[in-house]
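Below is one structure, written out as structure tokens; the observations come after it.
Computed from the coordinates by the stated procedures, all read-outs in this text should not be read as laboratory data. Just so we're clear, the structure is a prediction, and the values are computed from it rather than from any experiment. Cβ sites come from the backbone with ideal geometry, for glycine too, and all protein chains shown count toward neighbours.
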Amino acid sequence: SQTIHQWPATLVQPVGSPLSLECTVEGTSNPNLYWYRQAAGRGLQLLFYSVGIGQISSEVPQNLSASRPQDRQFILSSKKLLLSDSGFYLCAWSVTGAIDTQYFGPGTRLTVL
Amino acid sequence: EDQVTQSPEALRLQEGESSSLNCSYTVSGLRGLFWYRQDPGKGPEFLFTLYSAGEEKEKERLKATLTKKESFLHITAPKPEDSATYLCAVKTGANNLFFGTGTRLTVIP
């Protein structure tokens, strides 16, 4: 069966510090991978998605970037965090197909102080 | 502009008191409607996918239905463990799920 991991689970970082969040998927090959952010009182917002190694699409302009160095690894990064980057970050995966259900990881709670 | 609205924002039910959650949508070219359950501090858990108007799916005490403008998540005889936030999402483009803000359900013993 497929499993998705995210770490760290929680993170507290000062403004201006760098960020690296990692997501890995087990039990499937060539998944589509996604990064979402969930802010209080707002729906999940898609940040990035990837259909393959090195292929990244950004949905919204922002202070963050994503990379996919391996088939089942997806990384969310920032060079300098802003207060507005605080939130709950979720990684998801899906199988390539016409209607592909997305399955979410446990999330990372990021607080920028 | 694509829009997904969930109502009510919050719902409190007595154990055993059946009710429905609503997800209304305005999108161009619906390719699927998804329901998820989210517990506090955790990632959303997939429940159902509905593809076309008239479709229904059931899982334990939950039943999801879809019309051309909205979806309902019916909860029959809920138990305290059904307490969670229920999220609705629609798929329009190739890769984007557009989420509503959710309904926070509390079931009181």
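Here's the yes/no breakdown for (1) without any contact (Cβ under 8 Å) to a residue 12 or more places away in the chain; (2) farther than 16 Å from B:Leu97 by Cβ; (3) surrounded by 13 or more Cβ atoms within 10 Å (Cβ to Cβ); (4) more than 14 Å from chain B (Cβ to nearest Cβ):
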| position | (1), (2), (3), (4) |
| --- | --- |
| A:Gln2 | no, yes, no, no |
| A:Pro31 | no, no, yes, no |
| A:Leu44 | no, no, yes, no |
| A:Leu47 | no, no, yes, no |
| A:Ser57 | yes, no, yes, no |
| A:Pro69 | no, yes, no, yes |
| A:Lys79 | no, yes, no, yes |
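The residue of segment B:59-109 that is nearest to the other protein chains (Cβ to nearest Cβ), among those that are within 16 Å of A:Leu44 (Cα to Cα) and basic (Lys, Arg), is B:Lys91.
The set of residues in segment B:84-98 being buried (at least 22 other Cβ atoms within 10 Å of the Cβ) and under 12 Å from B:Thr5 (Cβ atoms) consists of B:Cys88, B:Val90.
Table: residues versus (1) in a loop (DSSP other than H, G, I, E, B); (2) over 11 Å from B:Asn22 (Cα atoms); (3) touching a residue at least 40 places away in the same chain (Cβ under 8 Å).
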{"position": "B:Ala53", "(1), (2), (3)": "yes, yes, no"}
{"position": "B:Glu58", "(1), (2), (3)": "no, yes, no"}
{"position": "B:Leu73", "(1), (2), (3)": "no, no, yes"}
{"position": "B:Pro78", "(1), (2), (3)": "yes, yes, yes"}
{"position": "B:Leu87", "(1), (2), (3)": "no, no, yes"}
{"position": "B:Val90", "(1), (2), (3)": "no, yes, yes"}
{"position": "B:Phe98", "(1), (2), (3)": "no, yes, yes"}
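Considering segment A:56-113, and only residues there that are over 13 Å from A:Gln6 (Cβ atoms), charged (D, E, K, R) and not in a loop (DSSP other than H, G, I, E, B), the residue that is nearest to the chain's Cα centre (by Cα) turns out to be A:Arg68. The condition (being surrounded by fewer than 17 Cβ atoms within 10 Å (Cβ to Cβ) and either more than 13 Å from A:Thr101 (Cβ to Cβ) or polar (S, T, N, Q) (or both)) is satisfied by just one residue among B:Lys42, B:Lys57: B:Lys42.
Of the residues B:Ser28, B:Ser24, the single one that is part of a strand (DSSP E or B) and either away from chain A (no Cβ under 11 Å) or β-branched (Val, Ile, Thr) (or both) is B:Ser24.
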